[in-house]
Amino acid sequence: MHDAAAQLGRALDLRAWVALPFHGSVPLARVLVLQSILAGNALIHRFLDDKLFAVHILLVEFWQPDLPLPEHDLVLNAIGDADVRGDALAQAERILATITAPVLNAPATVRLTSRAQNAARLRLLPGVRTAHTLRVQRDELGPDTLPELLERHSLQLPILLRAPGFHMGQNCLRLDRFEDLPISLAQLPGDEILLVEHLPTRSGDGWCRKYRVLFLDGQMYPVHLAVSSDWKVHFFSAEMAANAAHRLEDARFLAAMDEVLGSAVLATLQRIQRALDLDYGGIDFGLDFGDVVRSESDSSSCQAARSNAAPRILLFEANANMAVLRPPDDPLWDYRRVAVDRIYSAFHAMLRERSASARCAIPARC
């Protein structure tokens, strides 16, 4: 894949690195961003305000050892998808071996965050339930072979079929019947398929909920709570705009995450954060209340705060690919702006402090 990307770059006559426009006076930091020319980059460029930061983008597939790099105070690795960008992450590691500046989201750490690796290692943490995940070749799957494969790995229908490297619900299907497998596979690209255990995410009130928490510079920040009638929950497709009660749940989560989730869930999130060890990353998850009795009028987030039984985290995804989008310019979403602004400010502070520490390590620049 690295060779293919390099050939594409030569065909397009692309440079290895490019300077983004800077519209400030003196930058808070000069940031070198490592990314792939292919898909799988984290959506973090929106954080890099062009009035605050001078940014150069380095496409790692085009790097050569004798290539002079632009001056920089720190390096931000934006290659975030370990499922499909292993070659690019390995190339980023080779580049960083020639660099002394501080690095955010070290490629070696990101490489450990594939869906299958996360499912295997994070399930060992107390309070966490992960979806058992297998990565198989497409030609291994058939209506006759899949039942034996699932039985061998203690899995059963329904099961999720995913094409690696896609997010926001793209190329992710639920298989309920073995005979539907050929039709489902025909809708998915690629030679490899992820078989993912389907976790029970529907609450007692009939709704599915997905929480997103950002891990940033050792701290945790609520991003959103999406409430949907569909098992495939994303904030942009959930019934949020049309449901004031759901927006109220989201607002409570943003304003008082500690109270909504409770101390036990927060402690579990902190364990996951330490295991991931990312400077910028996050988690999408649900809550498993087990045998906790719920009334039909109770939201799962309120029950988490009141119940004496600590719910487990149902881990959907945890990696460096978590997007934090500014709310649309609509008063309906004004309640979200403070929480999102807080995250952007924390990201800016992280870059400023890391680059300042690096400069002060050189007395002439401090």
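The values are calculated or read from the model by the stated rules, or taken from the named source; none is laboratory data. Predicted model, so just to flag it, every value in this text is computed and none were measured. Note that we place each Cβ from the backbone using ideal geometry, even for glycine, and neighbour counts take in every protein chain shown.
Could we say that VAL110 is more than 16 Å from the chain's Cα centre (by Cα), modelled with pLDDT of 95 or more and crowded, with 17+ Cβ neighbours inside 10 Å here? The answer is no for VAL110.
Quick grid of which residues meet (1) at pLDDT 95 or above; (2) out of contact with any strand residue (DSSP E or B) (no Cβ under 8 Å at 6 or more places or on another chain); (3) surrounded by fewer than 14 Cβ atoms within 10 Å (Cβ to Cβ); (4) in the same structural domain as ARG312 (by TED's automatic domain parsing):
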residue: ILE79; (1), (2), (3), (4): yes, no, no, no
residue: ALA88; (1), (2), (3), (4): yes, no, no, no
residue: GLN91; (1), (2), (3), (4): yes, yes, no, no
residue: ARG94; (1), (2), (3), (4): yes, yes, yes, no
residue: VAL103; (1), (2), (3), (4): yes, no, no, no
residue: ASN118; (1), (2), (3), (4): yes, no, no, no
residue: ARG121; (1), (2), (3), (4): yes, yes, no, no
residue: PRO143; (1), (2), (3), (4): no, yes, yes, no
residue: SER154; (1), (2), (3), (4): no, yes, yes, no
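Part of a loop (DSSP other than H, G, I, E, B), touching a strand residue (DSSP E or B) at 6+ places or on another chain (Cβ under 6 Å) and crowded, with 19+ Cβ neighbours inside 10 Å - does that describe any residue in segment 256-267? No, the conditions are met nowhere in segment 256-267. Filter segment 29-50 down to the residues that are out of contact with any strand residue (DSSP E or B) (no Cβ under 6 Å at 6 or more places or on another chain) and touching a residue at least 40 places away in the same chain (Cβ under 8 Å) and list them by number. LEU38, ALA39, GLY40, ALA42, LEU43, ILE44, ARG46, PHE47, ASP49 - these are the residues of segment 29-50 that are out of contact with any strand residue (DSSP E or B) (no Cβ under 6 Å at 6 or more places or on another chain) and touching a residue at least 40 places away in the same chain (Cβ under 8 Å).
Only one entry of ILE183, ILE283, ILE193 meets the criterion of being over 19 Å from the mean Cα position of the chain (by Cα), at pLDDT 95 or above and part of a strand (DSSP E or B), and that entry is ILE193.
Scanning segment 57-96 for residues that are of a type in the set (Asp, Glu) and without any contact (Cβ under 8 Å) to a residue 12 or more places away in the chain yields a count of 1.
When ARG306, ARG252, ARG294 are screened for being out of contact with any Gly (no Cβ under 7 Å at 6 or more places or on another chain), modelled with pLDDT under 95 and outside the structural domain of ILE79 (by TED's automatic domain parsing), only ARG306 passes. Scanning segment 350-358 turns up no residue that is surrounded by 16 or more Cβ atoms within 10 Å (Cβ to Cβ), at pLDDT 90 or above, more than 23 Å from ARG202 (Cβ to Cβ) and assigned by TED's automatic domain parsing to the domain that holds HIS224.
Residues in segment 97-120 that are among the aliphatic types (A, V, I, L, M) and without any contact (Cβ under 8 Å) to a residue 24 or more places away in the chain: ALA97, ALA108, ALA120. Could you tell me whether ALA54 is of a type in the set (A, V, I, L, M, F, W, C), free of Cβ contacts under 8 Å to residues at least 40 places away in the same chain and either in contact with a Lys or Arg (Cβ under 6 Å, 6 or more places away or on another chain) or assigned by TED's automatic domain parsing to the domain that holds GLN137 (or both)? Spelling it out, ALA54 is indeed of a type in the set (A, V, I, L, M, F, W, C), free of Cβ contacts under 8 Å to residues at least 40 places away in the same chain and either in contact with a Lys or Arg (Cβ under 6 Å, 6 or more places away or on another chain) or assigned by TED's automatic domain parsing to the domain that holds GLN137 (or both). Of everything in segment 214-249, what is farther than 22 Å from LEU332 by Cβ and modelled with pLDDT under 95? Give them in sequence order. Selection gives TRP231, LYS232. Only one of the numbered conditions (1) within 17 Å of the chain's Cα centre (by Cα); (2) at pLDDT 95 or above; (3) hydrophobic (A, V, I, L, M, F, W, C) is not met by LEU48, and that is (1).
When GLU317 is tested against the conditions (1) touching a residue at least 12 places away in the same chain (Cβ under 8 Å); (2) within 16 Å of VAL223 (Cβ to Cβ); (3) assigned to a helix (DSSP H, G or I), the lone failure is (3).
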